[in-house]
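Worksheet: the structure to be examined is printed underneath.
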Amino acid sequence: MVERFKSNQFVWSCHKNAVLYEYQYTNTRPMFRQLRVLVVSAIAVSFLFVSPALAESIIDYDVHVDVGEDVTLHVQEDITYDFGALQKHGIFREIPVRYEDGVGNAFSVQLENIEVKRSNSQPHTFAVRNAGRNKEIKIGDKDILITGIHKYHITYDVKRALLDEDEGIVLLWNIIGAGWNVPIKADVLQVTLP
């Protein structure tokens, strides 16, 4: 799907597996004269034969990305997670950080300033580690079991996510990631360009 637009902001919703969006953006600023945004939203939809009362799911997944003047991506994720009747300690958020560009060259993005908060804006217990091609954020307390619906507010900065290619600057990044093994009922991605 290719869409041309004039505003500095665009929003879309997707409800399909592995949806690829391509946007071409023209701006008067030299660095962003032609910015083509390729975003892969790979939604892991699983159809588990589990009792609906026990089944986990993501009710809502909202992501807002602000592209800064210095090309740093400022990311804000709001995840509404339903644990159902299952008792869990929390969630794992896997963010892909190692990729290959269109011609097979390896590159990696850098995550900084990671913060996790509860819906009441209080800090949440979390730990970050490298997990293969991903950065894994383990959110929750090992001594506390939770059930039902919980909201997570995750913020972080991404550096080196924009590639300078012949046709312009390209953002190639799997925003949702493929690490979710629960259904995602709805997701919204909003990107704001400088």
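Structure notes:
- Scanning the stretch 88-110 for residues that are over 30 Å from ALA55 (Cβ atoms) and outside any loop (DSSP other than H, G, I, E, B) yields a count of 7.
- Listed by first and then second residue, the pairs with beta-carbon distance under 7 Å, at least 6 apart or on different chains, first residue in the stretch 87-113 and more than 17 Å from LEU73 (Cβ to Cβ) and modelled with pLDDT of 90 or more, second among the aliphatic types (A, V, I, L, M) and not in a strand (DSSP E or B), are GLN87/LEU145; LYS88/LEU145; HIS89/ILE144; HIS89/LEU145.
- Among residues of the stretch 168-193 that are over 30 Å from GLY84 (Cβ atoms) and at pLDDT below 80, those with a beta-carbon under 8 Å from a residue that is among the hydroxyl-bearing types (Ser, Thr, Tyr) and surrounded by fewer than 19 Cβ atoms within 10 Å (Cβ to Cβ) at least six positions away or on a different chain give the pairs LEU172/TYR99; TRP173/TYR99.
- Residue, farthest from VAL97 (Cα to Cα), within the stretch 147-171, restricted to residues that are open to solvent by 40 Å² or more (accessible area, probe 1.4 Å) and assigned to a strand (DSSP E or B): ILE149
- Top-ranked residue in the stretch 122-142 [being in contact (Cβ under 8 Å) with a residue 40 or more places away in the chain and open to solvent by 90 Å² or more (accessible area, probe 1.4 Å); ranked as farthest from PHE92 (Cα to Cα)]: LYS142
The values are calculated or read from the model by the stated rules, or taken from the named source; none is laboratory data. Every value quoted in this text rests on a predicted model; they were computed, and no experiment measured them. Positions of Cβ are generated from backbone atoms using ideal geometry, with glycine treated the same way; all protein chains shown enter the neighbour counts. When the accessible area is computed, the model is the full protein with side chains, heavy atoms only, and any ligands, DNA or RNA have been set aside. Shrake-Rupley method; radii C 1.70, N 1.55, O 1.52, S 1.80 Å.
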